[in-house]
């Protein structure tokens, strides 16, 4: 036996694998409307309970938060912060997706390089990257570029690992066919590898999306003067509880909406490629 | 086997080369010492700071918090996973929740947790559990899914009691998946606790790093950073090797 075909799954891959296992399972049964309604009500009740238990010192109750949010969404200040976060996040996400895709394709095709790189990447995935944020700040300076770099640090690795895994598990016949047809490396990637790996690439994009958002938000929470992360921390520092609760609500809703959308998209591409 | 060794060799060479390049760039003045200090100095600073004993309290604090969060996450996660597995209706509700759980950046709850529980160990433990427990739940579910029905039928044929079925059949069959959940739980708990300390806290290693950054003490900052990263890499590495052994023993026996 040659190579590492029988090797244990990789550190980073287990997270990736369970995300996959879940998306496969959820297709089993539709969640019943009644159960979903009960779930939402239960969550609102818990939220309300925490809010009233602490007398609104830490968390403001749902209704109050909603009313506050409604006002907040009409202020210019909120949109300025949201735009700052959105710009940093979009750049970070696009960068990590493109670089991750390219690296993943290269590492997937070049087996040896891939085997060398994979544990390094997976190791990087599991370390607490927050501790490295000061270095990012020292290198990039306070501001937009530091946030973007930190977002890329979070989002790049899962994208690379997903693409790498997908390319490696492709039937070799596809790559051989591409060779027989004398496709250039660029065309092989564009016409053979990317379409064949599309479901995994969409999954990678999903994870990379949420992690680069995490990176950007942590960057804003730690040291920044703009963005939703900053707004959240400043809301807490000023004891403006509805503000911080409102910002958390907005972020959670956006994150879940984006994730659900991409899960759907992933399922559809997986359907089509079968 | 030789190929595997070659891969390992090249990997070590690449890493060593990166460190050496950084060292040379720093020493030659290409990289400003105010930005990054040479790796040699980082190691010296780490030995200095950790060896001096001034950090003992922070180290004990941080690692006891991580350990507590890890144990709680494993306990709660396995229990919740097993419960959800029993009821398919609960499962239908829980699956989409778990599928989008990790898309929500858990850290944004931290300021709320601090306001709720005060500055101290409690919000950090909760943050660690919040980031680690769902991973354990997910892996418990997939581990229990992976127990083949034949094994359960076998248990019934042998008239094993539920406790014995669990111990002799279900647990060994689900162990590899469970273990990868535990491994993830460790790294998530570590990330959660240290990130919490880093952003907003008065104690622990994460705080020490952010304090060193804010007082422009680069040497201390890099030394501490190296220490935290080394501990994280070693802890994850041990579980990684262990997991590999488990998987190999399973496939050979």
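Structural remarks
- The set of residues in the stretch A:77-104 being more than 13 Å from the chain's Cα centre (by Cα) and free of Cβ contacts under 8 Å to residues at least 12 places away in the same chain consists of A:77, A:79, A:83, A:86, A:98, A:102.
- Some residue of the stretch A:175-186 being within 23 Å of residue A:104 (Cα to Cα), surrounded by 23 or more Cβ atoms within 10 Å (Cβ to Cβ) and in contact with a helix residue (DSSP H, G or I) (Cβ under 6 Å, 6 or more places away or on another chain): no
- Options A:136, A:94: the member that is out of contact with any helix residue (DSSP H, G or I) (no Cβ under 8 Å at 6 or more places or on another chain), at negative phi and more than 10 Å from chain B (Cβ to nearest Cβ): A:94
Here is a yes/no grid of residues against (1) loosely packed, with under 13 Cβ neighbours inside 10 Å; (2) assigned to a helix (DSSP H, G or I):
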site: B:124; (1), (2): no, yes
site: B:128; (1), (2): no, yes
site: B:133; (1), (2): no, yes
site: B:136; (1), (2): no, yes
site: B:140; (1), (2): no, yes
site: B:144; (1), (2): no, yes
site: B:147; (1), (2): no, no
site: B:155; (1), (2): no, yes
site: B:159; (1), (2): yes, no
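Quick grid of which residues meet (1) within 8 Å of another protein chain (Cβ to nearest Cβ); (2) surrounded by 23 or more Cβ atoms within 10 Å (Cβ to Cβ):
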| position | (1), (2) |
| --- | --- |
| B:193 | no, yes |
| B:196 | no, yes |
| B:202 | no, no |
| B:211 | no, no |
| B:215 | no, no |
| B:223 | no, yes |
| B:228 | yes, yes |
| B:236 | yes, no |
| B:248 | yes, no |
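- Residue in the stretch A:23-41 that is modelled with pLDDT of 90 or more, assigned to a helix (DSSP H, G or I) and more than 29 Å from residue A:188 (Cα to Cα) present: yes
- Test: residue B:68 is more than 12 Å from chain A (Cβ to nearest Cβ) and assigned to a helix (DSSP H, G or I): yes
- Residue selected from the stretch A:232-256 under the condition more than 9 Å from chain B (Cβ to nearest Cβ) and under 21 Å from the mean Cα position of the chain (by Cα), by the criterion nearest to residue A:77 (Cα to Cα): A:250
- Just one of the listed residues (B:50, B:93, B:114) is touching a helix residue (DSSP H, G or I) at 6+ places or on another chain (Cβ under 6 Å) and within 23 Å of residue A:210 (Cα to Cα), namely B:93.
- Top-ranked residue of the stretch B:110-119 - restricted to ones that are in a helix (DSSP H, G or I) and surrounded by fewer than 19 Cβ atoms within 10 Å (Cβ to Cβ), ranked as farthest from the other protein chains (Cβ to nearest Cβ): B:117
- Filter result for residue B:10 (within 27 Å of the chain's Cα centre (by Cα) and part of a helix (DSSP H, G or I)): yes
- Residue in the stretch A:139-162 that is surrounded by fewer than 24 Cβ atoms within 10 Å (Cβ to Cβ), assigned to a helix (DSSP H, G or I), without any contact (Cβ under 8 Å) to a residue 12 or more places away in the chain and within 12 Å of chain B (Cβ to nearest Cβ) present: yes
- Any chance residue B:73 is away from chain A (no Cβ under 14 Å), in a helix (DSSP H, G or I) and surrounded by fewer than 16 Cβ atoms within 10 Å (Cβ to Cβ): no
- The residue list A:113, A:131 contains one member that is at negative phi and crowded, with 23+ Cβ neighbours inside 10 Å, which is A:131.
- When we screen A:86, A:105, A:101 for residues that are modelled with pLDDT of 90 or more and over 21 Å from residue A:216 (Cβ atoms), the only hit is A:105.
Every residue, every condition in (1) surrounded by 15 or more Cβ atoms within 10 Å (Cβ to Cβ); (2) at pLDDT 90 or above, yes or no:
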| site | (1), (2) |
| --- | --- |
| B:6 | no, no |
| B:15 | no, yes |
| B:25 | no, no |
| B:50 | yes, no |
| B:54 | no, no |
| B:78 | yes, yes |
| B:84 | yes, yes |
| B:98 | yes, no |
| B:108 | yes, no |
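- Selected residue (criterion: surrounded by the most Cβ atoms within 10 Å (Cβ to Cβ)) from residues of the stretch A:54-75 that are assigned to a helix (DSSP H, G or I) and touching a helix residue (DSSP H, G or I) at 6+ places or on another chain (Cβ under 7 Å): A:65
- Selection count where residues are more than 21 Å from residue B:111 (Cα to Cα) and more than 9 Å from chain A (Cβ to nearest Cβ), scope the stretch B:180-191: 2
- Of everything in the stretch B:90-107 that is facing chain A (nearest Cβ under 7 Å), in a helix (DSSP H, G or I) and within 19 Å of the chain's Cα centre (by Cα), the residue that is farthest from residue A:217 (Cα to Cα) is B:98.
- Filter result (surrounded by 11 or more Cβ atoms within 10 Å (Cβ to Cβ), over 30 Å from the mean Cα position of the chain (by Cα) and without any contact (Cβ under 8 Å) to a residue 12 or more places away in the chain) within the stretch B:161-170: B:164
The values are calculated or read from the model by the stated rules, or taken from the named source; none is laboratory data. Given the structure is predicted, the values throughout are model-derived calculations rather than measurements. All Cβ positions, glycine included, derive from the backbone under ideal geometry; neighbour counts span all protein chains shown.
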